[in-house]
1. Name the residue, out of Glu149, Glu119, Glu137, that is under 30 Å from Val394 (Cα atoms), among the charged types (D, E, K, R) and in contact with a His (Cβ under 9 Å, 6 or more places away or on another chain).
2. Can you tell me which residues in the range 123-147 are crowded, with 23+ Cβ neighbours inside 10 Å and touching an Asp or Glu at 6+ places or on another chain (Cβ under 7 Å)?
3. So, in the range 249-273, exactly how many residues are surrounded by fewer than 24 Cβ atoms within 10 Å (Cβ to Cβ) and modelled with pLDDT under 90?
4. List, please: which pairs have Cβ atoms under 8 Å, are six or more places apart or on different chains, and start with a residue in the range 442-464 that is assigned by TED's automatic domain parsing to the domain that holds Gly425 and assigned to a loop (DSSP other than H, G, I, E, B) and end with one that is at pLDDT 90 or above and of a type in the set (Ser, Thr, Tyr)?
5. Within the range 347-389, which residues are in a loop (DSSP other than H, G, I, E, B) and either of a type in the set (A, V, I, L, M) or touching an Asp or Glu at 6+ places or on another chain (Cβ under 6 Å) (or both)?
6. So, in the range 480-494, of the ones that are under 20 Å from Lys429 (Cβ atoms) and either crowded, with 18+ Cβ neighbours inside 10 Å or touching a Gly at 6+ places or on another chain (Cβ under 7 Å) (or both), which residue ends up modelled with the lowest pLDDT?
7. Any residue in the range 426-441 that is of a type outside the set (S, T, N, Q), assigned to a helix (DSSP H, G or I) and without any contact (Cβ under 8 Å) to a residue 60 or more places away in the chain?
8. Which one of these is modelled with pLDDT of 90 or more, over 27 Å from Phe60 (Cβ atoms) and in the same structural domain as Ser266 (by TED's automatic domain parsing): Glu184, Glu166?
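The values are calculated or read from the model by the stated rules, or taken from the named source; none is laboratory data. Just so we're clear, the structure is a prediction, and the values are computed from it rather than from any experiment. Cβ: placed from backbone, ideal geometry, glycine included. Neighbour counts: every protein chain shown.
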Amino acid sequence: MKRFASLFLAAVLGSASTMVAFKVLDKDEQGVKLDYINGTPTSRVAYSVNENGQTVPLDFTQTAERVTPAVVYIRSTQDGMSRRDESTDNSDPFREFFGPRMMPQGPTQSSGSGVIVNENGYIVTNNHVVQDADVVEVTLYDNRTYKAEVVGTDPDTDIALIKINEKTLPHLSFVDSDKSKVGEWVLAIGNPFNLNSTVTAGIISAKGRSINILQRNSEGGNTAIESFIQTDAAINPGNSGGALVNLNGGLLGINTAIASPTGSYSGYGFAVPSNIVSKIVEDLIQFGTVQRGWLGISIGSVNSQIVKEKDLQVNTGAYVSGFPEHSSAKEAGLQEGDVVVKIDETPINTSAALIEYIGRHRPGDKVNVTVNRKGKELTLPVVLKNRDGKTGTVKPEERDGFASLGLEVEDVSGNVLKKLDINNGVRVKELGNGKLAKYTDIREGFIITKVNETPVKSVKEFNELLKKKKTGELVILSGTYEDVPREFNYAFRM
């Protein structure tokens, strides 16, 4: 059995896969006083030291009153009008020609939390709270309900930005999460198990945690940014997207995941740090998409095994094991076997710390990377690039439905059209974790010839056709494969 409990997203009620035992300690927790009557503890009272050095009871009430109105309840609805028939029954005569049938299914709903970060209606939540939603509804602290627009998402950090049409809303301000400290008191506010406006208290248990949960869910492959704030404030399903705040009411992070044997709170909660979240929010508002700089290195955290195998002269840092194409770091002079120990003035003790720091920067930004190379330290200036190896601003995708469909298409050559004896079509180049992959059996390489019986001759025409489709409208993609030259039809709803 693994040493640590399975990791679950806080909004997902997963089934238990492991069981762990916890020993209850008799010692008083640090910073907590137990009042005894005849040897029996009667209450737990938290204490802090005030400006005069006096020990006084810690009061969470003012902070809770200030921040709770800025945390909202989010309900996401997928129409669910169709899903794949996953049965293995091949007696259906239409299955050979149309693939698995789309079976009727009622709407499905999920819920979570969000944080108002701007008085004009901008709300931060988790990507997994609103992912694939056809309708997103937001309920404020005073029970007013609004339809929300998804401004943008970032699966690599599990952050999404939505907006409601309202002004002068109560909101929280970001604070510098780098200045937060392990042992610092924090509050978690959200809507666990549909219990609206729930406040729990705890401390920051650790910083820079990488729990490998976003890596498995990232649509872009192994590009997730994980450097969580860990807290023991109680976080449960429904807390996803809620606020982690300090006692001054400043937003330190967005609650995202828990470690648990059951899917419910077991003492370990994780939040995306505010310094990452604020950058994503700025990018989505200003550019329409996240502007992420890439250093261009394959890395791993230095540990005792790597130190011994590679004969390293340092015990912490990010070990450089290779370089992908268009690497800024390689062009700047970094080499395999280097250990990154500092970027600018920020110490780098783990690979997660490096990924977090670089993740706050945009293409074109310059950083000074300090490496330990065979015992000597070198500082190399590096200009960050985007995924395409350029330093310019990344333009957002057209709002053509591709973000939710998880689809990228390309034009088809005349030779292929002639070979298949068809006059037109566009090819599915890449298929991500969107609606098409979820609700159909479409494969990469599928050549789309028609959208709802309208012929498609180019990527531009395909984009235009999808842009005209309304939310919930049935779409049927007709086409063929090079290796199976007959017509297939795939149906889904926008």
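1. Numbers: Glu149 fails: in contact with a His (Cβ under 9 Å, 6 or more places away or on another chain); Glu137 fails: in contact with a His (Cβ under 9 Å, 6 or more places away or on another chain).
One residue alone meets the criteria, Glu119.
2. Asn126, Asn127, His128, listed by residue number.
3. Matching residues across the range 249-273 total 9.
4. Arg443/Tyr481; Gly445/Tyr481; Phe446/Thr480; Phe446/Tyr481; Glu453/Ser478; Val456/Thr449
5. Quick first cut of the range 347-389, residues in a loop (DSSP other than H, G, I, E, B) only: 348-350, 360-365, 374-375, 384, 386-389.
Ile348, Leu384, listed by residue number.
6. The qualifying residue modelled with the lowest pLDDT is Phe492.
7. Kept after step one, since they are of a type outside the set (S, T, N, Q), are these residues of the range 426-441: 426-432, 434-439, 441.
Of the ones still in play, those that are also assigned to a helix (DSSP H, G or I) are 435-439.
Filter once more, so that each one left must be without any contact (Cβ under 8 Å) to a residue 60 or more places away in the chain: 436-437.
Scanning the range 426-441, I find at least one residue that is of a type outside the set (S, T, N, Q), assigned to a helix (DSSP H, G or I) and without any contact (Cβ under 8 Å) to a residue 60 or more places away in the chain, so the answer is yes.
8. Details: Glu184 fails: over 27 Å from Phe60 (Cβ atoms).
So the residue among Glu184, Glu166 that is modelled with pLDDT of 90 or more, over 27 Å from Phe60 (Cβ atoms) and in the same structural domain as Ser266 (by TED's automatic domain parsing) is Glu166.
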